[in-house]
Each structure stands twice: as C-alpha cells, then as structure tokens.
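The values are calculated or read from the model by the stated rules, or taken from the named source; none is laboratory data. Given the structure is predicted, the values throughout are model-derived calculations rather than measurements. When we count neighbours, we look across all protein chains shown, and the Cβ atoms used for this are built from the backbone with ideal geometry, even at glycine.
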Ligand SMILES: [Zn+2]
C-alpha cells in the first residue's frame, strides 16, 4: 500500500502497480534499496542462506524507517570459494553483475534516481562496487553503497576480533547475527564437539595481531597468502579461531541497530540534497 506517497508495505513484490506509482509520484525523493547476500555453506550450525536472510531483515528495516522500496533480487551471490562444501549455490560474477545492472536499469527506466546497494556477503563486494560504478554511468542514476559506522566502541571491538581471530565467516560474530535475526534456523547443538578448523602456519598466525606496530604491512601480506578456496584456510568451513558458542545475540542486535541507524541517517541526509543537474534526464 501507498497513500500520498507514504508506504505501508516496503517490499516491491508486495506493492500493487498503483501503490508503486503513488509512491513514485508523491515521495519527494524516492529511494530503492537493493540487498544481496549468498547461499553458501556456513559451517555446521548456520543456515545456507545466512547472508541473504540477514540482508532481508536489514534492508526491510531501513526501508520502513525511510519510506523506501526494497528489493532482494536474488538469493545466491558470488561464492565459488565455498563450492567444496555442499549446499553452496554460486552465481558467476557476470551473473551477479547482470542481476544488479538489470535491477537498477528497470527502476531507472521508471524514473527512480536514487539507489542504495546493501551487501551482506564479502565475496560480493567487488562485483557490487563494479555494478555501482557501471550503473551510474549506464543509467545516469545516483547509486551508493554506504558502510558504517566504523568508529563506534562496538564497531571497533568487533573489528578487533575480526583481525585477531579471523571472525569473518560462521564465527561468533556471524553466529550472533544469525541468533539475533533467525534463531529458529540455527542448530547450535551441532557444535557440541566444536574445535577450531583453521589451518594456518604459525608464521601467518603471528600476523593476526592488530597491536603489532607493523600490522598495516603484515595484515596485507597475510591476505596475500590466503588460498582462493575456503578449504585452504579451514577444515570445517568456519573461518574464525574462536568458538561460535560464545556468540552474543545482544551484541549483534546493538551492532545491527547502529548499522540501520547509520543507513537511515545517510538516506535522510542524501534526500535533503536535490538530485544534481548532471543526473537529470
Ligand atoms: Zn555469511
């Protein structure tokens, strides 16, 4: 529904054509939020759709606070590195790029000028950024992929654990996010015999120390030494040397609220600036 430009439903697939038209005509600065994630193995305890499921919750919340339309155009993302583990469904980067371009192109065709891209899967980042660059040029639209906040106490605390314990995939950080958003899909009992599956040489482990003075250098050498596939780094599909059973869903709730609020602030500020001349048809 939409009345005088005010939406009461935010998913594109739930709007009628007149509702969408009402929003487009009467919302002063219409914003479309496009969310992507992944269908890929998430260790033993998290659902294959973890990244997409969380992204749905996140973009819907942002859309509802900013009177935006949201769309999740595909469930899989770019996950070739997880293909040794069953259940992973990967698109090629070309397919993902095509999905993003066609999604932006369709809305642009009907007059939308402002797009937000939200990505909840690290493997998609480069493709998403390329799509943002190409779509801006191809469709003459404003397109942003805001990320933040990075400087809050909580954000810094979590980032420190990412650096020190490699909490990038299926570790406590992501488990907390899953337990916050969809606890009914998490199978924590599968972790009864948990042990770290991370395979890294002692030399590389020494580089996982953000307190080192040369951390900027060694962390980049560390990245350069990581194999292309998940099984090169971890036996059980879980990055992170820390026990996912220590996950704190309250922490994820607070962290997601910070991220939602940042996105809302971004959209509100952005909408206060009229579409620059160069984007007008
Ligand atoms: Zn994930």
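Considering every residue within region 77-94, establish whether at least one is in the same structural domain as residue 10 (by TED's automatic domain parsing), in a strand (DSSP E or B), touching a residue at least 24 places away in the same chain (Cβ under 8 Å) and in contact with a helix residue (DSSP H, G or I) (Cβ under 7 Å, 6 or more places away or on another chain).
Looking for residues that are in the same structural domain as residue 10 (by TED's automatic domain parsing), in a strand (DSSP E or B), touching a residue at least 24 places away in the same chain (Cβ under 8 Å) and in contact with a helix residue (DSSP H, G or I) (Cβ under 7 Å, 6 or more places away or on another chain), one finds at least one in region 77-94, hence yes.
Is it the case that some residue within region 109-122 is out of contact with any strand residue (DSSP E or B) (no Cβ under 7 Å at 6 or more places or on another chain), in a helix (DSSP H, G or I) and away from the ligand (no atom under 16 Å from the Cβ)?
yes
Just the residues that are assigned to a helix (DSSP H, G or I) and either more than 16 Å from the ligand (Cβ to nearest atom) or loosely packed, with under 12 Cβ neighbours inside 10 Å (or both), please, taken from region 149-158.
Passing the criteria: 153, 154, 155, 156, 157.
When residues of region 159-184 are filtered for being under 18 Å from the mean Cα position of the chain (by Cα), surrounded by fewer than 19 Cβ atoms within 10 Å (Cβ to Cβ) and at pLDDT below 95, how many remain?
Qualifying residue count for the region: 3.
Looking only at helices (runs of 4 or more DSSP H) that lie completely in region 202-269, which have at least 1 residues being out of contact with any strand residue (DSSP E or B) (no Cβ under 9 Å at 6 or more places or on another chain) and without any contact (Cβ under 8 Å) to a residue 24 or more places away in the chain?
202-206, 215-225
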